[in-house]
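Below is one structure, written out as structure tokens; the observations come after it.
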Amino acid sequence: MTTLTAKDKDAVRAFWAKVSGKSEDIGKQSLARMLAVYPQTKTYFSHWKDQSPDGAPARKHGITVMNGVADAVSKIDNLTAGLLDLSELHAFTLRVDPANFKILAHNMLVVMAIMFPIEFTPEVHVAMDKFLASLALALAEKYR
Amino acid sequence: MVEWTEQERTIITSIFSSLDYEDIGPKALSRCLIVYPWTQRYFGAFGNLYNAEAIKTNPNIAAHGVKVLHGLDRAVKNMDNIKATYAELSVLHSEKLHVDPDNFKLLSDCLTIVIAAKMGSGFTPEIQATWQKFLAVVVSALGRQYH
């Protein structure tokens with residue numbers, strides 16, 4: 001399990017405070033990029049009539065996912081416990097291969113770099129990367 | 001063999017023609033050493049890498065970042081034969097430099113993020129897809145001659 005140091009958590013919380021106002025945009029763009037750059041991820045959305053990266057279902061889902069990330073920031077001191085329900089959802093209902101968490105995380109980092117080029121320093125980048133990796137691990141907790 | 005559309009070729013040559021190597025190279029390499037600190041193992045002789053500030057201001061790292069970025073020029077000029085173009089470089093990274101090929105992807109991800117920050121909203125999802133496809137081919141070619 002990736003251990004988030006106090007410094008990591010402070011960096012994540014500080015950066016999130018700056019960007020949370022754009023959370024919906026970050027979510028929509030991250031998901032759009034994931035679908036466009038990694039077309040294999042579209043296999044999870046075959047039930048959408050419109051699978052295009054900038055379609056309505058994708059945009060709505062990007063917001064949903066990002067709300068989950070925002071919630072995780074508030075539970076950063078115990079992600080495993082805090083994300084228990086979400087983990088069960090992903091494990092038993094959605095059954096998303098955890099490799100995809102890394103893919104989505106990468107696209108979130110790209111969007112953050114685009115939207116916040118000054119604030120997304122290497123130090124913030126490493127803290128966010130570690131946080132998203134920990135988040136992914138917590139989400140995969142109930143898989144097996 | 002990797003197929004490239006006309007649009008993909010244009011995207012790649014366009015990004016490289018307006019690339020500021022002296023700016024992007026150092027930023028990409030230093031970001032890689034900060035975000036993935038184990039990559040510092042290859043730079044023992046480069047001087048002070050003790051913290052992010054030291055890495056960001058290290059002139060040896062900066063110079064090397066420029067060098068690595070220029071290494072991509074050959075791929076841009078030979079997009080239809082990247083594998084053969086990089087055969088020698090692949091051998092070098094394997095036999096002489098002993099770089100774990102997984103690290104190529106780490107640097108490639110950092111380069112993507114630095115380019116994204118520079119291009120802003122101009123780095124559209126379509127351009128990102130082409131850019132990442134190009135880097136994936138480069139990364140694969142660099143790892144090809146390992147045994």
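Let me know the charge dipole size of the stretch B:26-147 about its Cα centre in debye, to the nearest 20, where only the beta-carbon of Lys, Arg (+1) and Asp, Glu (-1) is charged.
Value, rounded to 20: 140 debye.
Convex hull over the alpha-carbon atoms of the protein assembly as shown: what's its volume per residue in Å³?
Spelled out: Cα convex hull of the protein assembly as shown, divided by residues, is 143 Å³.
Using the Cβ atoms and a cut-off under 15 Å, what net charge is assigned to the surroundings of A:GLY82, where Lys and Arg are +1 and Asp and Glu are -1?
-1
Evaluate the distance, in nm, between pseudo-label points positioned 7 Å from the Cα of B:TYR21 and of B:ARG41 along their respective Cα→Cβ axes.
3.0
Sequence neighbours fewer than 8 away in the same chain don't count; with that in mind, list the lysines whose C-alpha is under 19 Å from A:LYS102.
A:LYS28, A:LYS42, A:LYS130, A:LYS142, B:LYS105, B:LYS133
Sort B:LEU69, B:LEU29 so that the residue with the fewest other Cβ atoms within 10 Å of its own Cβ comes first and the one with the most comes last.
Placing the least packed residue first, the sequence is B:LEU69, B:LEU29.
Give the Cα extents of chain B along the principal axes, in whole Å, largest first.
Largest first, chain B extends 45, 40, 20 Å along its Cα principal axes.
May I ask which residue of B:PRO101, B:ALA52, B:PRO26 lies farthest towards the positive end of the charge dipole of chain B, with charges of +1 (Lys, Arg) and -1 (Asp, Glu) on Cβ and the Cα centre as origin?
It is B:ALA52, whose Cα lies furthest towards the positive end.
Using a 10 Å cut-off around each Cβ, can you sort B:TYR36, B:TYR50 from fewest to most neighbouring Cβ atoms?
B:TYR50, B:TYR36
Using every alpha carbon pair in chain A, what percent of pairs falls into each 5 Å bin from 0 up to the bin containing the largest distance?
Calculated P(r), rounded to whole percents: 2, 10, 19, 24, 21, 15, 7, 2, 0.
Ordered by residue, what ³J(HN,Hα) values in Hz, to whole numbers, does the stretch B:37-42 give under the Karplus form 6.51 cos²θ - 1.76 cosθ + 1.60, where θ = phi - 60° and Gly and Pro are x?
x, 5, 5, 5, 4, 8
Take the Cα of A:TYR44, step 7 Å along the line toward its Cβ, and report every residue of the stretch A:112-126 whose backbone nitrogen sits under 19 Å from that point.
From the stretch A:112-126, the list is A:112.
Output wanted: per-residue J couplings in Hz (rounded whole) for the stretch A:96-112, from phi through Karplus 6.51 cos²θ - 1.76 cosθ + 1.60, θ = phi - 60°, x for Gly and Pro.
After applying 6.51 cos²θ - 1.76 cosθ + 1.60, I find 7, 4, x, 4, 6, 4, 5, 5, 5, 4, 4, 5, 5, 5, 4, 5, 4 Hz.
None of the figures in this text is laboratory data; all of them are computed from the coordinates on show. All figures in this text were calculated on a predicted structure; none of them were measured in a lab. In this analysis, Cβ positions are derived from the backbone assuming ideal geometry, glycine residues included, and neighbour counts consider all displayed protein chains.
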